[in-house]
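Asks: Just passing along the structure, written as structure tokens.
The values are calculated or read from the model by the stated rules, or taken from the named source; none is laboratory data. Please read all numbers here as calculations on a predicted model, not as lab measurements. Positions of Cβ are generated from backbone atoms using ideal geometry, with glycine treated the same way; all protein chains shown enter the neighbour counts. Surface accessibility is based on the protein's heavy atoms, side chains included, excluding ligands, DNA and RNA. Shrake-Rupley method; radii C 1.70, N 1.55, O 1.52, S 1.80 Å.
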Amino acid sequence: MKPPECVVCGADAAAPGELVRFVSRPEDLAWRRRVERDRLVGHPPDTAWLCERHVEAGRRLAPELDLDDAVSRLRASDPSAPPSPEPRVTTIRGMPIAEFVDRLQLLVTRIAAQLGVPAPDLVPRTTRTWHPMDGAVAPDCPFVDDTTWTSPESPLTLVGSRAWWSDGVLARAHETLLIRVAGVSASVSGHIPADRSTDRVGELLITGDLPSAVAALVADSFPAA
Ligand SMILES: [Zn+2]
């Protein structure tokens, strides 16, 4: 399962938000049949997290629309909810995704101390989703590993994903720190793009407003290029 982030607005979708299943498209049904047959786990492509603000409207649309159409409808009817807030982009010294994760983990601890919240335990829990294509099926097809490092209830949440063409051949990767403490709702993330132009994280993407002391910690962890 994906971490509980609203598919419409990106907000925390932990309870009272919930997972909602929409009308299955043919490819969604094929996914469900495959998962059942091969006893796999993963996040169903017709199912999405919705936050407190969007879950009711989402449940109403669920019997009529597929996920894509429902998300378009929900975004159109709620212009106050930026679908995905445009991040501010900073160029940083490029680094492998593994180093980026190490630095984010240290940053979690430092931000927790700065904000006076308990530092969350960082324990990776990974869910693998197979993506059969061109006749290739698991374990010989591309797959995505979604990892959560922290409990979804933590005010500081670390989540990441790696999409692999095959074992050891990385297609894209991202790692995101979500900060949801009283008065602060922000994210700090980095990624390796799908276009394979680089295998290093060279940009820091920040959404929301960071308190200046936290912004200073972030800048210290990820020096500008
Ligand atoms: Zn929402």
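Asks: State in Å² the accessible area per residue of the chain; use a 1.4 Å probe, count heavy atoms of protein chains only, and round to the nearest integer.
Replies: Value for the chain: 53 Å² per residue.
Asks: Taking a temperature of 10 °C and a viscosity of 1.306 mPa s, what whole-number D in µm²/s does Stokes-Einstein yield for the chain with Rh from Kirkwood over alpha carbon pairs?
Replies: On the way: Rh = 18.8 Å.
Translational diffusion coefficient: 85 µm²/s.
Asks: Can you check what the net charge comes to around THR129, using other residues whose Cβ is under 9 Å from the Cβ of THR129 (Lys, Arg +1; Asp, Glu -1)?
Replies: -1
Asks: Please compute, for the alpha-carbon atoms of the range 1-78, the extent along each of the three principal axes and give them in descending order in Å.
Replies: 38, 23, 15
Asks: OK, next. Could you give the length gained on full extension between ASP102 and ARG73, defined as 0.36 nm per residue of separation minus the Cα-Cα distance, in nm? Intermediate values should be presented prior to the final figure.
Replies: Working: separation 29, 0.36 × 29 = 10.44 nm, distance 3.88 nm.
Value of the extension gain: 6.6 nm.
Asks: Ok, one more. Determine how many Å³ per residue the convex hull of the Cα atoms of the range 88-221 encloses. Walk me through the numbers on the way to the answer.
Replies: Details: hull volume 14.7 nm³, N = 134.
Normalising the Cα hull of the range 88-221 by residue number yields 110 Å³.
Asks: Separate question: Relative to the first principal axis of the alpha-carbon coordinates of the chain, what is the inclination of helix 212-221, with its axis defined by its Cα atoms, in degrees from 0 to 90 and to the nearest 10?
Replies: 80
Asks: Hey, another quick one. Within the chain, what whole-number % of the accessible surface is contributed by carbon and sulfur, with the 1.4 Å probe and all protein chains included in the calculation? Walk me through the numbers on the way to the answer.
Replies: On the way: 6390 of 11850 Å².
Here it works out to 54 percent.
Asks: Less than 13 Å from a label point 7 Å out along the Cα-to-Cβ axis of VAL23: which backbone N atoms in the range 39-71 qualify, by residue?
Replies: 61-71
Asks: Roughly how many Å is it from the Cα centre of the range 156-197 to that of the range 1-60, as a whole number?
Replies: Going from one Cα centre to the other spans 19 Å.
Asks: Which FRET efficiency value, to the nearest 0.05, is calculated for LEU205 and ARG37 with the Förster distance at 30 angstrom and r the Cβ-Cβ distance?
Replies: 0.20
Asks: If you take the beta carbon distance between ALA216 and VAL123 as r and set R0 to 41 Å, what does 1/(1 + (r/R0)^6) give as a FRET efficiency, to the nearest 0.05?
Replies: 0.90
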